[in-house]
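Q: Before anything else, here's the structure in question.
We did not get these values from a lab; they are worked out from the coordinates using the rules stated. Bear in mind that the values here come from a model prediction, so they are computed numbers and not experimental data. Note that each Cβ is placed from the backbone with ideal geometry, even for glycine, and that neighbours are counted across all protein chains shown.
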Amino acid sequence: MNISPLQKARYEYTPKLPGMLRQGIANICVKEGAETQSVADQDKIKALFPNTYGKKEITFEKGQNTSAAKKQVVGVILSGGQAPGGHNVICGLYDALKATDKDNVLLGFKGGPDGLLKNDYVEFDDEFIDAYRNTGGFDIIGSGRTKLETKEQFAIVAENAKKNGLTAVVIIGGDDSNTNAATLAEYMAANNTGIQVIGCPKTIDGDLKNEDIEASFGFDTATKTYSELIGNIERDANSAKKYWHFVKVMGRSASHVALECALETQPNICLIGEEVAAKKMSLAEITNYIADSVEARGNNGDNFGVAIIPEGIVEFVPEFSKLIAEINELLAGSKTEEFNALPDWEAKYNFIKAGLTAESFSVFDILPQFVQQQLFLERDPHGNVQVSLIESEKLFSEMVKAELAKRKAAGTYKGKFGAQHHFFGYEGRCAFPSNFDADYCYSLGYNAFMLIQYGYTGYLSKVSNIARPAEEWVAGGMPITKMMNMERRNGEDKPVIRKALVELDGAPFKYFEAHRKQWALETCFKYPGAIQYYGPAEVCDLTTVTLALEQAK
C-alpha cells in the first residue's frame, strides 16, 4: 500500500495516556463516587431505565486490580458522522483488551449499528489495527446513522451478540448514538443477557459536553483544521484587500465550532446562534450588524473582511424558525405533490403567498430568490425543511449587499463591497487527528475497556482535566442517564441526551464578546497555521481556546 511519510510517522506515534492508566492493568483500581440522577425529568428517566439509572460515577486510581478475570469478547461500532480520532478509540480499546489477556477478542461491526443488526463484522488483529493508528477517518470499519431504538432491534442485537459470545458492546458516537447506547444497555440488563454497553463521546460540533464530559473527541482537530483555512483566507483578504469572505462552518444545533474558530482567528464578524436566539434578533438586525462593520471598515479604506457563520444560524432566528414551521405545515401530506406539480416559480410563489401568514410571508419575501427556492428543496424523512441545504453564508452576503446599496444611496457608505463564499465541513471531519485528539481518543478507548473489565454498563467513557498535560488527566466513567432529559421528538416524548449549547455567560463567549467590537473595526487577524505533530509541546499539544478558557486556573 502506498502511504505518505506523515502517515508512516503517525503509525509510529505513541499516544499519551492519563497517569493512572499508565500503571499497567494489574495496578488500576476503582474509586466509586456519589450516586447520580438525570439532569432533568428524574422520575420519568428513572422509570424508563430502572436497571441502569442512578448508578455511581467512578474514577480509576493506582491500586490493586480487583476485577474478576474472564475472557472478554467485545464488539465495537462507529456511529454517525466522522470525527478525527475515531480510529484511536478502537486502537486504545484493542490495546487494553490485549494487555489484559492476549486471548481477548475485539470484533469491529461494519457500517455502524447496521453491522450489529446484520452480524457483519471483522476480527481485529495486530496487523489490522497497526494500519490505522493515529489516522483520521472512520474507514477502519465504516459508520452509519441507523438508530438502535426498538425492542425488535435490541432483540436482534442480543441474538447476534450471543452467537459471537460477546461480553460487551462499545458504541462510539454523538448524543443520539449514546442515547441509543443507554437504551440498549437497559434492554441488555433487563433481559439478563450479561452483555455490557459502553459509550464514547464523539462529535466535531462540540455539543456533547457537560460538567463531566469536558469535550467530545474530534472537536479539537476539526476546529484547528477550519481555523487554519480561515487564517489562510484572512491572510489573502489582507493581501488583496478587495473581498469580504463569508465562511460557513459546521454546527447545526450549536455554535461551538464557529466560536472556537473565531477565538483562534479573530475575524471581523462571527455570528453565535445562541446569542441570536437569546436576543430574538431578526434577519434585518443581523444584516445591519454585519453591514455596520463593512461600512465602518470601508469608509476607513478597508474594503475587506471575514465573517464566520455557523451552519444552523437561521434556525436560531425566531422569525425564520416560525417561517420554517409554517412551510412544514404548508407542505404536509399530499400538498408537497401539489406544490411540485406547479409549472413555474411564479405559480409556486403565489401558492406560498396564499398559504403563509402575512407575518411569515413578509420574512419570506425579503429573502433572495435562491434562498426562497432552497426552502422548498427535497424534504427530510420527516417531511421537514432541510435547513442544512440553505446557503446562509450567501443569504447574509446578499442581504448585506442590498443594505449597503441603500446606505450608499443615502451617502453614508463610501466603500466597495465584493463577496466570496466558503463552507468548511467535510474538510475537518477526517483530518489526521491532532496530538490532543490522538491522545484523548486513545485514552477514551483504553478507559472504555477498563469500564468493561470492572463490570460497568450504561456508562460513558470519561477522561477529564484535559486542558492539563496528559499525565494529569483523570480517567473514569459516568452513567449515561445522568446526561438525559425528556424531549419532544416526532410527536412523542423521548429520553435523549441534552445537547450542550454555547453558554452566553461562559468564559469563551465572554472573551469573544469583550473583543469583538475591536475585531469588527480593526484588522486583528490571527493565523494559526497547520496542525503541528512534532516539535515543542507548547505548539504540538495545544488544546482549544474554548477548553483553555473554560478551565483557566
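Q: What per residue convex hull volume, in Å³, comes out for the chain when only alpha-carbon positions are used?
A: Spread over its residues, the Cα hull of the chain gives 169 Å³ apiece.
Q: Determine the alpha carbon to alpha carbon distance for each of Lys46/Lys462; Lys151/Lys322; Lys46/Lys147; Lys110/Lys209; Lys46/Lys494 and list only those over 24 Å.
A: Beyond 24 Å: Lys151/Lys322; Lys110/Lys209.
Q: Still on this model: Could you give the angle, 0 to 90 degrees to the nearest 10, between helix 283-299's Cα long axis and the longest principal axis of the Cα atoms of the chain?
A: Result, in degrees: 70.
Q: For a quick check: sort His256, His87, His422 by the number of other beta carbons within 10 angstrom, fewest at the front.
A: Lowest to highest Cβ neighbour count: His422, His87, His256.
Q: Could I ask something else about it? Work out, step by step, the length gained on full extension between Glu211 and Thr146: first 0.36 nm times the residue separation, then minus their alpha carbon distance; give nm to one decimal.
A: Full extension of this stretch gives 20.5 nm more.
Q: In 5 Å bins starting at 0, how do the alpha-carbon pair distances of region 344-401 split up by percent?
A: With 5 Å bins starting at 0, P(r) equals 4, 17, 25, 25, 21, 7, 1.
Q: In region 54-76, which residues have a backbone nitrogen under 18 Å from the label point lying 7 Å from Lys31's Cα in the Cα-to-Cβ direction?
A: Only 56-67 fall inside the zone, counting backbone N under 18 Å.
Q: Quick one: if the Förster radius is 22 Å, what FRET efficiency do Lys62 and Ala99 give, using the C-beta to C-beta distance and rounding to 0.05?
A: Given R0 = 22 Å and the Cβ-Cβ separation, E is 0.85.
Q: So, one more: If you find the alpha carbon centre of region 415-492 and of region 522-553, how far apart are they in angstrom?
A: Answer, in whole Å: 18.
Q: Write down the percent of antiparallel bridges among all DSSP beta bridges whose residues are both part of the chain, to the nearest 5.
A: 40
Q: If each residue of separation counts as 0.36 nm, what is the full-extension length gain between Ser321 and Lys408 once their alpha-carbon separation is subtracted?
A: 28.2 nm
Q: Continuing with the same structure: Once you put a point 7 Å from the Cα of Arg488 and another 7 Å from the Cα of Tyr289, both along the Cβ direction, what distance in nm separates them?
A: 2.6
Q: Treat the count of other C-beta atoms within 10 Å as a stand-in for reagent exposure and order Cys29, Cys200 from fewest to most.
A: Cys29, Cys200
Q: With all pairs of different alpha carbon atoms counted, what Kirkwood hydrodynamic radius in Å does region 386-437 show?
A: About 14.2 Å, per the Kirkwood formula over Cα pairs.
Q: Pull out a ≥ b ≥ c, the square roots of the eigenvalues of the alpha-carbon gyration tensor of region 104-177, then state rounded if a/c is under 1.5, prolate if not and a/b is larger than b/c, and oblate in the remaining case.
A: Oblate shape, in that a/c is at least 1.5 and b/c is the bigger or equal ratio.
Q: Which whole-percent values make up P(r) of region 188-303 when all C-alpha to C-alpha distances are grouped in 5 Å steps starting at zero?
A: With a bin width of 5 Å, the distribution comes to 2, 9, 15, 17, 16, 13, 9, 6, 4, 3, 2, 2, 1, 1, 0.
Q: Still on this structure, please answer the following. DSSP loop (so not H, G, I, E, B), at most 15 other Cβ within 10 Å: list which GluC sites (Glu not before Pro) in region 314-423 pass both filters.
A: Within region 314-423, the qualifying GluC sites (Glu not before Pro) (loop, at most 15 other Cβ atoms within 10 Å) are Glu378.
Q: Taking Cα atoms, how many degrees apart are the long axis of helix 507-521 and the longest axis of the chain, rounded to 10 and kept between 0 and 90?
A: 30
Q: Moving to a separate point now. Test of understanding: what is the full-extension gain from Asn238 to Lys353, defined as 0.36 nm times their sequence separation minus their Cα-Cα distance?
A: Length gained, Asn238 through Lys353: 37.0 nm.
Q: Still on this structure, I have one more. Sort Ser334, Ser362, Ser38 so that the residue with the fewest other Cβ atoms within 10 Å of its own Cβ comes first and the one with the most comes last.
A: Fewest-to-most Cβ neighbours within 10 Å comes out as Ser334, Ser362, Ser38.
Q: As an exercise, find the ratio Rg/Rh for region 3-141 from alpha-carbon atoms, using the Kirkwood inverse-distance average for Rh.
A: Taking Rh as the inverse mean 1/r over Cα pairs, Rg/Rh reads 1.02.
Q: For region 299-358, compute Rh as the Kirkwood radius over C-alpha pairs and then the Stokes-Einstein diffusion coefficient at 20 °C and 1.002 mPa s; write the answer in µm²/s, rounded to an integer.
A: Calculated translational D: 149 µm²/s.
Q: Mind checking which lysines have their Cα closer than 22 Å to the Cα of Lys406? Skip sequence neighbours fewer than 8 apart in that chain.
A: Here the lysines satisfying the reach criterion relative to Lys406 are Lys242, Lys394, Lys414, Lys416.
Q: How high is the FRET efficiency between Glu522 and Phe339 when r is their beta carbon distance and R₀ equals 60 Å, given to the nearest 0.05?
A: 0.80
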